[in-house]
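Student: Can you read through this structure? Questions will come right after.
The values are calculated or read from the model by the stated rules, or taken from the named source; none is laboratory data. Please read all numbers here as calculations on a predicted model, not as lab measurements. We place every Cβ from the backbone using ideal geometry, glycine too, and count neighbours over all the protein chains shown.
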Amino acid sequence: MANNYDIVIVGGGPAGLTAAIYARRADKSALVLEKSGFGGQIAWSPRVANYPGFASISGAELSDRMLSQALELGAEADLSEVTGLEPHDGGFIVHTSDGDYGAGAVVLATGARHRKLGVAREDELAGSGVCYCATCDGAFYAGRDVAVAGGGDAALQDALLLSNSCNLVYIIHRRETFRAEAANVDALAARGNIRRVMNARVVGLLGEGELSGVAVEDAASGERREIAVDGLFVAVGHESDNAPFAALAELDGAGWFASGEDCRTATPGLFVAGDCRAKAVRQLTTAAGDGAAAAVAACRWLDSRR
Ligand SMILES: Cc1cc2nc3c(=O)[nH]c(=O)nc-3n(C[C@H](O)[C@H](O)[C@H](O)COP(=O)(O)OP(=O)(O)OC[C@H]3O[C@@H](n4cnc5c(N)ncnc54)[C@H](O)[C@@H]3O)c2cc1C
């Protein structure tokens, strides 16, 4: 087939671009297919301060640098959505919105999406007080008052993390009890600077240009009140884009690719990398690590078939 590559990488975020860099340094032809924007989630972050080698860099610039490095090494990149994969002749046919490609091996690096709260002006204030990652952005709010929206383990862990450096942390949950491990609930109760706002949901975001507070509504009474905070950390879960590949790469109950640290799937020649796979820590460093692991495994797999 025309348009044949040693390795086709689905997703142009940090995991996919790292995979392309490793593939090219192993002298494999590599194509990265991205459906919306190269750089993935991090392209939306105004400031990254935890990626080694960069004390502070915008997500857009980091994305540009990753893409440039892959392209300078000879990777190809195209903006199109991969709609499915089909095993073919020991490799794969990769179906996209713009036609088909042949691949000896495929790395799925389809990433993740933070669920949004769904309140007005959430997109406008994202990065200006509205955050989706306490590990990434919590340090920017040291000594200030913040809120966490959510009631699962991720939300409680975010609140605990933020309470180490923030002044006051409000945790706002729409139910009467948390849906989290007892250990996290107990740890939360033991912190003197965490305030629970139960049976309540965030219904409004306050502030012009920068967040200055949230409006919450009590589920029973409908009463509204405002809480002054500089940061709102939304922790209501992640979603994946993995469904089109489920026939070839097993998904766990939450929709993540069920692969271990070796990034292999049960389908020979098919690898997964980054936030799209089941894992404990979804960060740039872990995505880049997966991209390297998946590409090295893919190169070895291709070499073993020669
Ligand atoms: C606002 C924000 C701030 C963050 N800040 C930090 C931080 O400071 N430090 C840190 O370590 N982490 C941070 N993160 C998390 C970090 O961005 C992610 O862990 C990282 O981007 C994961 O990389 P990835 O390549 O696995 O996935 P993604 O970045 O999600 O990239 C996956 C890409 O695959 C594409 N894709 C999906 N399906 C298809 C398909 N079918 N066909 C073609 N393309 C497809 C998507 O469009 C996407 O571009 C932040 C995240 C957000 C949202």
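Student: Step by step: first the residues of the range 175-193, then only those that are assigned to a loop (DSSP other than H, G, I, E, B) and under 25 Å from the mean Cα position of the chain (by Cα), then the one that is modelled with the highest pLDDT. Which residue is that?
Tutor: The qualifying residue modelled with the highest pLDDT is Phe178.
Student: Among the residues of the range 6-54, which ones are modelled with pLDDT under 95 and aliphatic (A, V, I, L, M)?
Tutor: Ile42, Ala43, Val48, Ala49
Student: Now a separate question. Tally up the residues in the range 17-68 that are of a type in the set (A, V, I, L, M), part of a loop (DSSP other than H, G, I, E, B) and within 11 Å of the ligand (Cβ to nearest atom), please.
Tutor: 1
Student: Filter the range 1-16 down to residues that are more than 6 Å from the ligand (Cβ to nearest atom) and of a type in the set (A, V, I, L, M, F, W, C) and give me whichever is surrounded by the most Cβ atoms within 10 Å (Cβ to Cβ).
Tutor: Ile9
Student: Sort out for me the strands (runs of 3 or more DSSP E) sitting completely within the range 194-277 that have 1 or more residues that are more than 16 Å from the ligand (Cβ to nearest atom).
Tutor: 194-197, 200-206, 213-218, 224-228
Student: Take the residues in the range 103-115 that are within 10 Å of the ligand (Cβ to nearest atom) and part of a strand (DSSP E or B), then tell me which one is modelled with the highest pLDDT.
Tutor: Of everything passing the filter in the range 103-115, Leu108 is modelled with the highest pLDDT.
Student: Cβ contacts < 8 Å: first residue farther than 18 Å from Ala154 by Cβ, restricted to the range 183-195; second residue assigned to a helix (DSSP H, G or I), any location; separation 6+ or different chain. Result?
Tutor: Asn193/Ser163
Student: Report whether or not Gly150 is touching a helix residue (DSSP H, G or I) at 6+ places or on another chain (Cβ under 9 Å), crowded, with 21+ Cβ neighbours inside 10 Å and on the phi > 0 side of the Ramachandran plot.
Tutor: Considered against the rule, which asks whether it is touching a helix residue (DSSP H, G or I) at 6+ places or on another chain (Cβ under 9 Å), crowded, with 21+ Cβ neighbours inside 10 Å and on the phi > 0 side of the Ramachandran plot, Gly150 comes out as yes.
Student: Output the qualifying pairs, or none if there are none: Cβ atoms under 6 angstrom, residues six or more apart or on different chains, first residue in the range 35-56 and of a type outside the set (A, V, I, L, M), second residue near the ligand (Cβ under 6 Å from one of its atoms) and modelled with pLDDT of 95 or more.
Tutor: Lys35/Glu81; Phe38/Gly12; Gly40/Gly13; Gly40/Gly111; Tyr51/Leu284
Student: Within the range 207-222, is there a residue that is hydroxyl-bearing (Ser, Thr, Tyr) and over 14 Å from the mean Cα position of the chain (by Cα)?
Tutor: yes
Student: Conditions: (1) buried (at least 17 other Cβ atoms within 10 Å of the Cβ); (2) closer than 22 Å to Thr177 by Cα. Gly231 meets all but one. Number of the miss?
Tutor: Result: Gly231 fails condition (2) only.
Student: Right, another one. Do we have Ala298 as within 16 Å of the ligand (Cβ to nearest atom), more than 30 Å from Arg47 (Cβ to Cβ) and in contact with a helix residue (DSSP H, G or I) (Cβ under 9 Å, 6 or more places away or on another chain) here?
Tutor: Yes.
Student: Restricting attention to the range 255-299, and to residues there that are in contact with a Phe, Trp or Tyr (Cβ under 9 Å, 6 or more places away or on another chain), of a type in the set (Val, Ile, Thr) and within 18 Å of Tyr22 (Cα to Cα), which single residue is surrounded by the fewest Cβ atoms within 10 Å (Cβ to Cβ)?
Tutor: Thr285
Student: From the list Asp137, Asp100, Asp158, exactly one residue is outside the structural domain of Ile227 (by TED's automatic domain parsing), acidic (Asp, Glu) and either surrounded by 15 or more Cβ atoms within 10 Å (Cβ to Cβ) or more than 13 Å from the ligand (Cβ to nearest atom) (or both). Which is it?
Tutor: When all the criteria are applied, what remains is Asp100.
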